[in-house]
Amino acid sequence: MHPILLKIGPFTLYSYGLMVAVGFAFAAAIIYIRAPKFGIDRNTMIDYIILLLVAGILGARLLYVLLNFRYYVTNPVEILNLSGGGLIWYGGFIIALAASAWFARSRKVEFWNASDLVAPCIALGQAFGRIGCYLNGCCYGAPAPNWFPFGDRYPTQIFSSITLFVIFIILLLWQERRRFQGEIFLGYCLLYSFKRFLIEFLRGDNPKIFSGLTMSQLISIAVFITALFIFMIRFNQWKRKKSSGSK
């Protein structure tokens, strides 16, 4: 583990924070470059992704604090300490989704269209974030069997990072074949929730809360079912529209 990469006097460079910043920078650059392909103003998208970053961090921290409420009641100052991680992705996802809907409405941007542009880069940012988790030592895996060749615990952070890079590439290619607005974002929701559900079986830091499943697995099931339902509705709407347009 290397939670601290550099320390010069009062300045401390944390590996987790650095990886989050690197992931955000790459994601922002790609969104900025590809925005015109979606008919969206680049400057508008910069405002959009900054809002998503802030809302995502706040939501992710809020859910983490709520799930560890007993500790933070007696240590309230620690709520603001993000140097060691302490973020839960689904909390950030929910709050960022609400912020996204508000932004789209207030700036007159098509929500599904903007979400399709951003979706691959969400996975990219997460991939770098999981590298930060690995360096920080959080989100660690369960004890591995003796035959496992990569240590005494599953490197779930690395498994997640590799899978997220793959999801990023899949979604980026999928953008070129998009049939209806919302397809890429909903595809991200399906791929990520499925990946997260499986990875959780190898995690060693999340308690089982219901039928041997973690909170993240229960949320993943809900996200997958909801995304699949909306995907089928929008897909059928696209098919009907295409069919009526061809007559």
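The values are calculated or read from the model by the stated rules, or taken from the named source; none is laboratory data. Nothing here was measured: the structure is a model prediction, and the numbers come from that model. Cβ atoms come from the backbone with ideal geometry, glycine included; neighbour counts cover every protein chain shown.
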#### Entry: the stretch 151-170, subset in a helix (DSSP H, G or I) and among the hydroxyl-bearing types (Ser, Thr, Tyr), residue surrounded by the most Cβ atoms within 10 Å (Cβ to Cβ)
160
### Task
Filter the stretch 31-49 down to residues that are β-branched (Val, Ile, Thr) and either surrounded by fewer than 17 Cβ atoms within 10 Å (Cβ to Cβ) or more than 18 Å from residue 175 (Cα to Cα) (or both) and give me whichever is modelled with the highest pLDDT.
33
### Query
Has the stretch 176-195 got any residue that is assigned to a helix (DSSP H, G or I) and farther than 20 Å from residue 223 by Cα?
no
### Task
Working only within the stretch 201-244, note down all residues that are at pLDDT below 95, among the basic types (Lys, Arg) and either surrounded by 12 or more Cβ atoms within 10 Å (Cβ to Cβ) or closer than 22 Å to residue 188 by Cβ (or both).
203, 239
#### Entry: Test: residue in the stretch 29-36 that is over 15 Å from the mean Cα position of the chain (by Cα), part of a helix (DSSP H, G or I) and among the small types (Gly, Ala, Ser)
yes
#### Entry: Flag for residue 129 being in contact with a Cys (Cβ under 8 Å, 6 or more places away or on another chain) and touching a residue at least 12 places away in the same chain (Cβ under 8 Å)
no
### Query
How many of the residues making up the stretch 70-125 are in a helix (DSSP H, G or I) and acidic (Asp, Glu)?
2
## Note on the structure
Restricting the stretch 10-27 to residues that are over 11 Å from residue 129 (Cβ atoms) and of a type in the set (A, V, I, L, M, F, W, C), the one surrounded by the most Cβ atoms within 10 Å (Cβ to Cβ) turns out to be 26
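Each row is one residue, and each column tells you yes or no for (1) modelled with pLDDT of 90 or more; (2) under 30 Å from residue 177 (Cα atoms); (3) surrounded by fewer than 21 Cβ atoms within 10 Å (Cβ to Cβ); (4) among the polar types (S, T, N, Q).
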site: 81; (1), (2), (3), (4): no, no, yes, yes
site: 88; (1), (2), (3), (4): no, no, no, no
site: 94; (1), (2), (3), (4): yes, yes, yes, no
site: 97; (1), (2), (3), (4): yes, yes, yes, no
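For every residue, the table says whether it meets (1) of a type in the set (Gly, Ala, Ser); (2) under 26 Å from residue 20 (Cα atoms).
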residue	(1), (2)
160	yes, yes
187	yes, yes
196	no, yes
211	yes, no
214	no, yes
235	no, no
### Residue within the stretch 178-191 that is touching a residue at least 12 places away in the same chain (Cβ under 8 Å), in contact with a Pro (Cβ under 8 Å, 6 or more places away or on another chain), surrounded by 14 or more Cβ atoms within 10 Å (Cβ to Cβ) and not hydrophobic (A, V, I, L, M, F, W, C) present
yes
### Query
Taking the stretch 126-150, which residues are touching a Gly at 6+ places or on another chain (Cβ under 8 Å), surrounded by fewer than 16 Cβ atoms within 10 Å (Cβ to Cβ) and hydrophobic (A, V, I, L, M, F, W, C)?
142
#### Entry: Checking residue 174 against (1) within 30 Å of residue 237 (Cα to Cα); (2) under 13 Å from the mean Cα position of the chain (by Cα), the condition it does not meet
(2)
